[in-house]
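The values are calculated or read from the model by the stated rules, or taken from the named source; none is laboratory data. This is a predicted model, so every value here is computed, not measured. A quick note on method: Cβ atoms are made from the backbone with ideal geometry, for glycine too, and the neighbour counts reach across all protein chains shown. Areas reflect the complete protein model, heavy atoms only, side chains present, ligands, DNA and RNA absent. Shrake-Rupley method; radii C 1.70, N 1.55, O 1.52, S 1.80 Å.
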Amino acid sequence: MTVTTEAAAPPTRPGPGAADPDLDLAELDGLRTVPARHPLRWAAGITALVLLVQFGHGLATNPGWDWPTFRLYFTADSILRAIGITLQLTFYGTVLGFTLGAVVAAMRLSRSTILRAIAWGYVWVFRSIPLIVQLVFWFNLSYLYKRLGFGIPFGPTFGEFEVVGVLSALGAAVLGLGLHQAAFAAEIIRGGILAVDGGQREAAAALGIPRWRQAWRIVLPQAMRGILPAAANEVVSLLKGTSVVYVMAIGELFYQAQVIYGRTGRVVPLLMVATVWYVLLTTLLSVVQYYVERHFARGAERTPPPTPWQRLRAAVPALPARLPGGRG
Amino acid sequence: MTTLTKSAPTPAPMVRVRGLHKSYGPLEVLRGVDLDVPAGSVTVVLGPSGSGKSTLLRTINHLEKLDRGHVAIDGELIGYRRSGDKLYELKEREVLRQRTGIGFVFQNFNLFPHLTVLENLVEAPVAALRRPKAAARAAALALLERVGLADKAAAYPRQLSGGQQQRVAIARALALEPKVLLFDEPTSALDPELVGEVLDVLKDLARSGTTMIVVTHEIGFAREVADTVVFMDGGVVVEQGPPAEVLDRPRHERTRAFLAKVL
């Protein structure tokens, strides 16, 4: 194809850019360009901001929020103790949930049909039962099984204990949360492992690397990148989900807030106490998540992304190079 | 070197493949493949896609199970043991041990992206052969030197070009000091200008007397380096011989048709 004159351009081409007969292309040389303006975009943004400011103003000035009561109870001993219990439930629930979840995920990925079927069944059952129903069930376990014992299945028993004595309300709650969590954790872990390129396992196998090391050293660290965002979601959701165990009369944060407003009648400020604490704890978890994800991003990008502190330092050069005791 | 190998008496081939059959469901990928690869020689396998050449390579280190036939390397049956008139598949642990003697280089490199180049090379010697870490590191650095990437030891694979990644993958396979090196289309995933640097490494290995089986579409490489060219089509070896015969005076119509397309 050769271009000869301007007249040689395709003569009748409908659609965008239909030829403008007045346009003299030669006159366009060296003109400045101006980006398109978006007045509506600005108007929408400003409206949203005004509404937000109005809401904030209401929070500060409406006496119904009762901030003095909020301040009174925010760091009250009973509330702090309740946070301790919430954190314990979250911690043990996460540990039990993800440990058992990892086992169930490994079973679902195993070559044994029987193990795969059992794991599938576990996930099916524990995903199907609402958490609150499960918790009440565990709470009443001693009604179903008075005594539990260790021994050979269908054979002799070596030792026995009373269910009521061993399984406290807190233990039942951890068991319920953990078993429930394990079903979801299993699917998240399985998803992360499936997302790792099959060539990685194959390369490890071709190099003769033992099977458990293929999993721990090659596949899992790469799977973690896919697992972590969803897993962090689960931990946050578990943190807030612990508020469900108030049905078992365990003194966690939400239950304690209820106890106090039941006594004082100040519902809204105490709900705010619980809310702000949940937000603070979730924020803390989000920060931890950021650094853990950063750790497992090794090699994923050509240059690792800067930490928030490094970003802040780029903006404010006077800050020290490293946080005291931090990784910088 | 290559002429030396050819004239030397070879009592038993390094790689001996007999009567390989392999199906994926109704699709018969290998339909009775025989192949002998003498120690220190370079065999290049050519053929249209779907001819079974990659499958053949993958059966040699037992990444694929066999339906019938056997593979032996240096006199050792791979992936199976004989008992009576049957071949029983070995336990995975045994297969993994056998694979440490068989280097495999993939089309897509399959480097471990979360490990540095050095860690990629050290992993298998330490984990599979129980070499001391320090010795494995020293050997790895020497290998990186050999493929011209000594300065990339601390880099992560994604920071390298495709050609550099494939050279690292070759060094990783060499780190186990294998008896045989298998290459599955090692340059097919590379930009054209990066093919040369990888082929140079292969040529260097060939000159040093490494036993190699290379599946490739690089006819020029086959002509220059191969001791034997094997042409496969439809799951069988159609013909094999020195490059001058198979590439320049093919006896079979299918070989001629294939070469006419790729040359």
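Within region A:184-204, if we keep just the residues that are small (Gly, Ala, Ser) and more than 7 Å from chain B (Cβ to nearest Cβ), the residue that is surrounded by the fewest Cβ atoms within 10 Å (Cβ to Cβ) turns out to be A:198. Candidates in region B:110-130 are the residues that are within 7 Å of another protein chain (Cβ to nearest Cβ) and within 16 Å of residue B:93 (Cα to Cα); of these, the one that is surrounded by the fewest Cβ atoms within 10 Å (Cβ to Cβ) is B:128.
From the list B:152, B:133, pick out the single residue that is surrounded by fewer than 19 Cβ atoms within 10 Å (Cβ to Cβ), basic (Lys, Arg) and modelled with pLDDT of 95 or more.
Working: B:152 fails: surrounded by fewer than 19 Cβ atoms within 10 Å (Cβ to Cβ).
Among B:152, B:133, only B:133 is surrounded by fewer than 19 Cβ atoms within 10 Å (Cβ to Cβ), basic (Lys, Arg) and modelled with pLDDT of 95 or more.
Scanning region B:11-62 for residues that are open to solvent by 10 Å² or more (accessible area, probe 1.4 Å) and of a type in the set (Ser, Thr, Tyr) yields B:23, B:24, B:49, B:54, B:55. Only one of the numbered conditions (1) away from chain A (no Cβ under 14 Å); (2) hydroxyl-bearing (Ser, Thr, Tyr); (3) touching a Pro at 6+ places or on another chain (Cβ under 7 Å) is violated by residue B:187, and that is (3).
Tell me yes or no: at least one residue of region A:217-237 is charged (D, E, K, R), more than 10 Å from chain B (Cβ to nearest Cβ) and crowded, with 18+ Cβ neighbours inside 10 Å. Let's see the steps before the verdict.
Taking region A:217-237 and keeping what is charged (D, E, K, R), we get A:217, A:225, A:234.
Subset that is more than 10 Å from chain B (Cβ to nearest Cβ): A:234.
Checking the rest, the ones that are also crowded, with 18+ Cβ neighbours inside 10 Å come to A:234.
The answer is yes; a qualifying residue exists.
Inside region B:73-84, can you point out the residues that are closer than 16 Å to residue B:18 by Cα and either surrounded by fewer than 17 Cβ atoms within 10 Å (Cβ to Cβ) or of a type outside the set (A, V, I, L, M) (or both)? If the condition is that a residue be closer than 16 Å to residue B:18 by Cα and either surrounded by fewer than 17 Cβ atoms within 10 Å (Cβ to Cβ) or of a type outside the set (A, V, I, L, M) (or both), then B:74, B:75, B:76, B:77, B:79, B:80, B:81, B:82 are the ones that fit.
Quick check on residue B:182: is it touching a helix residue (DSSP H, G or I) at 6+ places or on another chain (Cβ under 8 Å) and within 11 Å of chain A (Cβ to nearest Cβ)? Taking the combined requirement at face value, the residue satisfies it. Here is the figure for region A:255-308: residues that are surrounded by 13 or more Cβ atoms within 10 Å (Cβ to Cβ), part of a helix (DSSP H, G or I), out of contact with any Phe, Trp or Tyr (no Cβ under 7 Å at 6 or more places or on another chain) and aliphatic (A, V, I, L, M) total 6. Can you find a residue in region B:218-225 that is touching a residue at least 60 places away in the same chain (Cβ under 8 Å), closer than 15 Å to residue B:51 by Cα and either surrounded by fewer than 20 Cβ atoms within 10 Å (Cβ to Cβ) or of a type outside the set (Ser, Thr, Tyr) (or both)? Checked region B:218-225: no residue is touching a residue at least 60 places away in the same chain (Cβ under 8 Å), closer than 15 Å to residue B:51 by Cα and either surrounded by fewer than 20 Cβ atoms within 10 Å (Cβ to Cβ) or of a type outside the set (Ser, Thr, Tyr) (or both).
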